[in-house]
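Asker: Could you have a look at this structure, given as structure tokens, before my questions?
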Amino acid sequence: MAQLRVRCIGSAWKLTLFGLLVLACPTVEAETRVTYLILAETVEPLMIVRPDDPMAGGLFTDIVKMVFADSDYVIEPQVMPWQRMTTELRQSENWIMHGSPAFFEPDIPYELSRVPVFPFNHVAVTLRDHDFTIRRPADVFGRTVILVENFHYAGLDPYLNNPVAGRGSGDIKSVRAFSPAGTLRMLKHRRGDVVFGWRARLLYNLSHAGLRPDEVRFQDADGIIPTQKMYFAYSPHWPEAFKAFVNARLQTLQDNGSLQAIFQKYNEPKELLR
């Protein structure tokens, strides 16, 4: 886990009259490696990955960079699909990532930061020329919602005709796309009535789907999919000094407004949510 960097300060050999050998010992600095687990695909703008830069940007990546800036911790990003990541979460002892109490499978050991880093807030997106008010699940009964493949949607799942797990009542029909941009393209082509998703992710993918902000309406979906607090998650095997460092840095970023500024950066334009 630790990569040692050795720096000598005033090292010298001194031979005394009696043949005594004295060596001034070097000082040693330890750079601790931190494995930053990044989900492959569908996560932008949580983590923005480019072929030559796995930490090109993103809401959580920006937070990670600020937490470990000017420290002896060395971030080693690893991009991988979720199934492989679950193996790393169980076996590795030096990982970090985002998370919430409902995020991890029961057999995965983890700890969360004391300070939440941003709200995971969902919205309902409709076309302006096919708009309707959405406040509760009953408002979408008899309609078709567009969702991402393999994603769970708390608050919606009990009413879907084909939830990812378990059985739903069938009051709401759902169709699935393989990516957030795909859901918006399906909406554009009227293959459903509304897209539900994380607000920042849908904002980020709007132009990729060929839609303009004035063509859609964003509505707060907290009454259907409750907003969760997202945290800085890390392996419970980290020493207490690491955990204290992370929590102290996050507290500073919260107190000086940096966490809120990063969140706002990825949640513009604000005029869409009204």
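The values are calculated or read from the model by the stated rules, or taken from the named source; none is laboratory data. Given the structure is predicted, the values throughout are model-derived calculations rather than measurements. Positions of Cβ are generated from backbone atoms using ideal geometry, with glycine treated the same way; all protein chains shown enter the neighbour counts. Heavy atoms of the whole protein, side chains included, go into the accessibility calculation; ligands, DNA and RNA do not. Shrake-Rupley method; radii C 1.70, N 1.55, O 1.52, S 1.80 Å.
Asker: What value, in deg cm²/dmol to 500, does the helix sum -39500 (n - 2.57) over DSSP H runs of n ≥ 4 give at 222 nm once divided by the residues of the chain?
Answerer: Value at 222 nm, helices only: -6500 deg cm²/dmol.
Asker: Whenever you get a sec, compute what percent of the accessible area on the chain sits on carbon and sulfur atoms (1.4 Å probe).
Answerer: Using a 1.4 Å probe with all protein chains present, the chain comes out at 53 percent carbon and sulfur.
Asker: OK, next. Just to confirm, what accessible area per residue do you get for the chain at 1.4 Å probe, in whole Å²?
Answerer: Normalised by residue count, the accessible surface of the chain is 52 Å².
Asker: Right, something else. Tilt of helix 59-68 relative to the longest C-alpha principal axis of the chain, in degrees (0 to 90, nearest 10)?
Answerer: Compared with the principal axis, the helix lies near 20 degrees.
Asker: Would you work out which of Ala154, Phe141, Val164 lies farthest towards the positive end of the dipole of segment 122-220? Charges go on Cβ: Lys and Arg +1, Asp and Glu -1.
Answerer: Val164
Asker: Taking Rh as the Kirkwood radius computed over C-alpha pairs, what is the Stokes-Einstein D of the chain at 4 °C in a medium of viscosity 1.567 mPa s, expressed in µm² per second?
Answerer: Working: Rh = 21.1 Å.
Stokes-Einstein gives a translational diffusion coefficient of 61 µm²/s.
Asker: Given charges of +1 on the Cβ of Lys and Arg and -1 on the Cβ of Asp and Glu, with all other atoms neutral, how large is the dipole of the chain about its Cα centre, in debye to the nearest 20?
Answerer: Values: 30 positive and 30 negative charges, 85 e Å.
The calculated dipole for the chain is roughly 400 debye.
Asker: Right, another one. Taking segment 71-183 on its own, what percent of its Cα-Cα pair distances exceed 25 Å? Mind dumping the intermediate values first?
Answerer: Details: 2536 of 6328 pairs.
The share of Cα pairs beyond 25 Å in segment 71-183 comes to 40 percent.
Asker: If I stretch the segment between Ser71 and Arg128 completely, what's the gain in nm (0.36 nm per residue apart, minus their alpha carbon distance), one decimal?
Answerer: Residue separation times 0.36 nm, minus the Cα-Cα distance, leaves 15.7 nm.
Asker: By how many nm would the segment from Arg190 to Ala241 lengthen if fully extended, with 0.36 nm per residue of separation less the alpha-carbon distance?
Answerer: Additional length available on full extension: 13.0 nm.
Asker: Please determine, in degrees from 0 to 90 and to the nearest 10, the orientation of helix 240-255 with respect to the longest principal axis defined by the Cα atoms of the chain, where the helix direction is its Cα long axis.
Answerer: 50
Asker: May I pose another question? Would you mind checking segment 33-47 for residues with the amide N under 11 Å from a putative spin-label position 7 Å along Cα→C-beta of Asn150?
Answerer: From segment 33-47, the list is 40-42.
Asker: Across the chain, how many lysine pairs separated by 8 or more positions, or lying on different chains, have Cα atoms within less than 22 Å? Show your work: numbers first, answer last.
Answerer: On the way: Lys65/Lys229; Lys65/Lys243; Lys65/Lys265; Lys173/Lys188; Lys188/Lys270; Lys229/Lys243; Lys229/Lys265; Lys229/Lys270.
Here the count comes out as 8.
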